[in-house]
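Here is the structure we will look at, set down as structure tokens.
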Amino acid sequence: KAILPGGFGGKGAIAVVFLAVAAWLGSGFYTVGPEEQGVELVFGKLTSTTGPGLNYNFPTPIGEVIKPNVTAINQVNIGFVESGATTRNIPEESQMLTGDENIVAVQFSVFWRIRNAGEYLFNVRNPEESVKNAAEAAMREIVGKSNFEFIRTRGRNAVGIDAQAKIQEILDDYGAGIE
């Protein structure tokens, strides 16, 4: 017996339901661009990260995909703030005590990018602030172990290299997914 008028009965209703379910399942395909990393969530829990290309995850409302840009280079300044053409010093951040008990003003920038999108999104609440805090702590440690004259002259490059390694070590300990 027909459920709906016009002879659109049980088989027709089953076909419509089947097509609707097939369309819903088909909506789980997604594309990750070359500058992105796909982070697959199922019921809000991280299940995997995917690279560029066509991928599949459970469709909404079961699954979700977040695709942050992992090639963008971000910058954090320590010891100063740039706003347009002007630069303002921040002495609380830049002034550091050297190993020979001198005070030196250290201003520097840290350039960073997302290495692991899953860690980046779920392991740190404020990634930019985490990078800034790690950079300031690393630089204070290195400056505190070095002499004023070394920092100011021939050791400038070495301090930068040591700071980069220490910042990365701190961020790795956080599981920040940042490089």
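Among the residues of the range 134-151, is any in contact with a Phe, Trp or Tyr (Cβ under 6 Å, 6 or more places away or on another chain) and open to solvent by 80 Å² or more (accessible area, probe 1.4 Å)? No: the range 134-151 contains no residue that is in contact with a Phe, Trp or Tyr (Cβ under 6 Å, 6 or more places away or on another chain) and open to solvent by 80 Å² or more (accessible area, probe 1.4 Å).
Inside the range 152-178, can you point out the residues that are under 30 Å from VAL39 (Cβ atoms), open to solvent by 50 Å² or more (accessible area, probe 1.4 Å) and of a type in the set (A, V, I, L, M)?
Across the range 152-178, the qualifying residue is only ALA165.
Note on the range 54-79: residues that are in contact with a Pro (Cβ under 9 Å, 6 or more places away or on another chain) and either acidic (Asp, Glu) or free of Cβ contacts under 8 Å to residues at least 40 places away in the same chain (or both) amount to 1. Listed by position, the strands (runs of 3 or more DSSP E) enclosed by the range 7-92 that each have at least 2 residues that are open to solvent by 70 Å² or more (accessible area, probe 1.4 Å) are 29-32, 45-50, 53-56, 80-83, 86-89.
Scanning the range 158-179 for residues that are in a loop (DSSP other than H, G, I, E, B) and either small (Gly, Ala, Ser) or at pLDDT below 95 (or both) gives GLY175, ALA176, GLY177.
The values are calculated or read from the model by the stated rules, or taken from the named source; none is laboratory data. Small disclaimer: the values here were computed from a predicted structure and weren't measured. Positions of Cβ are backbone-derived with ideal geometry, glycine not excepted, and every protein chain shown enters the neighbour counts. Quick note on the areas: whole protein, heavy atoms, side chains included, nothing else; ligands and nucleic acids left out. Shrake-Rupley method; radii C 1.70, N 1.55, O 1.52, S 1.80 Å.
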